[in-house]
Amino acid sequence: MATIDTPVKTTASRRHRQPSRRTRAPRRGRAGRLWVKAVVALLLVIEVYPLIWMFLTSLKSNDDYLNNSTWSLPTTWQWGNYTDAWTTGNIGLYVQNSLLAVLPALALMLLLGTAAGFALQVMVWKGRSLTLLVFLAGMMVPPQMILLPLFTVYFRTGLSGTLWPLILTYTGTGLPLTVFMMATYYRSVPRELFEAATIDGAGILRAFWTISVPLVRNALLTVGLVQFFFIWNDLLIALTFTNDQDLRTIQVGLLNFTGDFGATQYGPLFAAICINVFGTLLIYLFLNQKVMKGLTSGALKG
């Protein structure tokens, strides 16, 4: 009887233990999901709370900012700070100067970078690998090293006092990265398309404009947006080459944002910062999906 009862008890005990093992897995899965949600919530607070604090500070008066707690809500909501920042603080003029300097430089950068990437990756000619290395070497040159020679060149050629030094410098400093990224994206374009276009009688220029450019439009948008943020947020180059108050970009304007008698008006200052930050943030949120497509398209080949 003992030899018969023992396996029955063991089998029953195993059957009794199985549900407890099955219930442990969902509990561990729920615990893991809770940790992930907690980390995501923490990161969200770290990212979003400074924006909320900056917006609330932009609605404070100068006395409210200096005398009350930094984390307190505004005692009176000063919506006029945005009007003062746009008119008295000349933020409208600084935004205009930034657009006049950034957009032409971005257009030249994308045009030359796309053409160079096409020539280096699609066309077959002797020395293209060495040429690509030369472009990559340009990424290793610190911008601080070329500011003084460029300032001398711009002064002697009479370009000082205009926005041309910013346009040319932004184009030159951003071109190596643009060429490298566009050459990488062109690797994912099938070569059979260009071979078929050549058989049909298409020349190099037609193959470039009608075939290659539409295929890498998401990559163009991604590279353009990345370079736009780099150029828009630049302070060093703009501060070096803008010696006139009417030519200041928005970053230089924020650096010298003062009120009457040289006193800093914190409400209009934070209002101007909000105009700058939330404007670029809206651009990124609007183009987010296309940027993601552009980032993944360069990782695929064939």
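The values are calculated or read from the model by the stated rules, or taken from the named source; none is laboratory data. These figures come from a predicted structure and were not determined experimentally. Please note: Cβ atoms are built from the backbone with ideal geometry, for glycine as well, and neighbour counts cover all protein chains shown. Heads up: the accessible areas ignore ligands, DNA and RNA and are worked out on the full protein's heavy atoms, side chains in. Shrake-Rupley method; radii C 1.70, N 1.55, O 1.52, S 1.80 Å.
Regarding L133, is this residue out of contact with any helix residue (DSSP H, G or I) (no Cβ under 8 Å at 6 or more places or on another chain) and either touching a residue at least 40 places away in the same chain (Cβ under 8 Å) or not basic (K, R) (or both)?
yes
Looking at the range 215-269, which of its residues are over 20 Å from T178 (Cβ atoms), among the hydroxyl-bearing types (S, T, Y) and either assigned to a helix (DSSP H, G or I) or in contact with a Gly (Cβ under 8 Å, 6 or more places away or on another chain) (or both)?
The answer is T240, Y266.
From the list L132, L166, which one is at pLDDT below 90 and of a type in the set (A, V, I, L, M, F, W, C)?
L132
Would you please list the contacts, defined by Cβ atoms under 6 Å and residues six or more apart or on different chains, that run from a residue in the range 264-286 that is modelled with pLDDT of 90 or more to a residue that is part of a helix (DSSP H, G or I) and among the aromatic types (F, W, Y)?
A271/Y82; C274/F55
Inside the range 153-166, can you point out the residues that are assigned to a helix (DSSP H, G or I) and exposed (fewer than 10 other Cβ atoms within 10 Å of the Cβ)?
Within the range 153-166, R156 is the sole residue that qualifies.
To keep it simple, each residue is scored yes or no on (1) among the aliphatic types (A, V, I, L, M); (2) in contact with a Ser or Thr (Cβ under 8 Å, 6 or more places away or on another chain); (3) at pLDDT 85 or above.
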position	(1), (2), (3)
A25	yes, no, no
E47	no, no, yes
L59	yes, no, yes
Y82	no, yes, yes
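Just one of A12, A2 is modelled with pLDDT under 70 and surrounded by 10 or more Cβ atoms within 10 Å (Cβ to Cβ); which is it?
Answer to the check: A12.
Pick from I231, I199, I204: which is in contact (Cβ under 8 Å) with a residue 24 or more places away in the chain, among the aliphatic types (A, V, I, L, M), closer than 30 Å to F118 by Cα and open to solvent by 50 Å² or more (accessible area, probe 1.4 Å)?
The conditions single out I204.
Let's see how each residue does on (1) open to solvent by less than 50 Å² (accessible area, probe 1.4 Å); (2) within 23 Å of W53 (Cα to Cα):
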{"residue": "T242", "(1), (2)": "yes, no"}
{"residue": "R248", "(1), (2)": "no, no"}
{"residue": "L255", "(1), (2)": "no, yes"}
{"residue": "A263", "(1), (2)": "yes, yes"}
{"residue": "Y266", "(1), (2)": "no, yes"}
{"residue": "I273", "(1), (2)": "yes, yes"}
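What about F118, is it touching a helix residue (DSSP H, G or I) at 6+ places or on another chain (Cβ under 7 Å), under 26 Å from A238 (Cα atoms) and aromatic (F, W, Y)?
no
Test L193 against the stated conditions and say whether it is in a helix (DSSP H, G or I), open to solvent by 70 Å² or more (accessible area, probe 1.4 Å), touching a helix residue (DSSP H, G or I) at 6+ places or on another chain (Cβ under 7 Å) and modelled with pLDDT under 90.
Yes.
Just to be sure I understand, how many residues within the range 61-71 are surrounded by 13 or more Cβ atoms within 10 Å (Cβ to Cβ) and assigned to a loop (DSSP other than H, G, I, E, B)? Break it down into steps so the answer makes sense when it comes.
Initial filter on the range 61-71 (surrounded by 13 or more Cβ atoms within 10 Å (Cβ to Cβ)): 61-62, 64-65, 68.
Next cut, assigned to a loop (DSSP other than H, G, I, E, B) only: 61, 68.
So the count comes out to 2.
From T131, T57, which residue is among the β-branched types (V, I, T), in contact with a Leu (Cβ under 8 Å, 6 or more places away or on another chain) and open to solvent by less than 90 Å² (accessible area, probe 1.4 Å)? Give the derivation first.
Numbers: T57 fails: in contact with a Leu (Cβ under 8 Å, 6 or more places away or on another chain).
So the residue among T131, T57 that is among the β-branched types (V, I, T), in contact with a Leu (Cβ under 8 Å, 6 or more places away or on another chain) and open to solvent by less than 90 Å² (accessible area, probe 1.4 Å) is T131.
Output the residues belonging to the range 172-185 that are surrounded by fewer than 21 Cβ atoms within 10 Å (Cβ to Cβ) and of a type outside the set (A, V, I, L, M, F, W, C).
Passing the criteria: G172, P176, T184.
Return the residue satisfying two criteria in turn: it lies in the range 78-107 and is among the small types (G, A, S), in a helix (DSSP H, G or I) and under 23 Å from M54 (Cβ atoms), and of such residues it is most open to solvent (accessible area, probe 1.4 Å).
First, the residues of the range 78-107 that are among the small types (G, A, S): 80, 85, 89, 92, 98, 101, 105, 107.
From the residues that got through so far, the ones that are in a helix (DSSP H, G or I) too are 80, 85, 92, 98, 101, 105, 107.
The next check asks that each one be under 23 Å from M54 (Cβ atoms); those that pass are 80, 85, 92, 98.
On the way: G80: 37, A85: 0, G92: 19, S98: 5 Å².
Applying the filter and picking the extreme gives G80.
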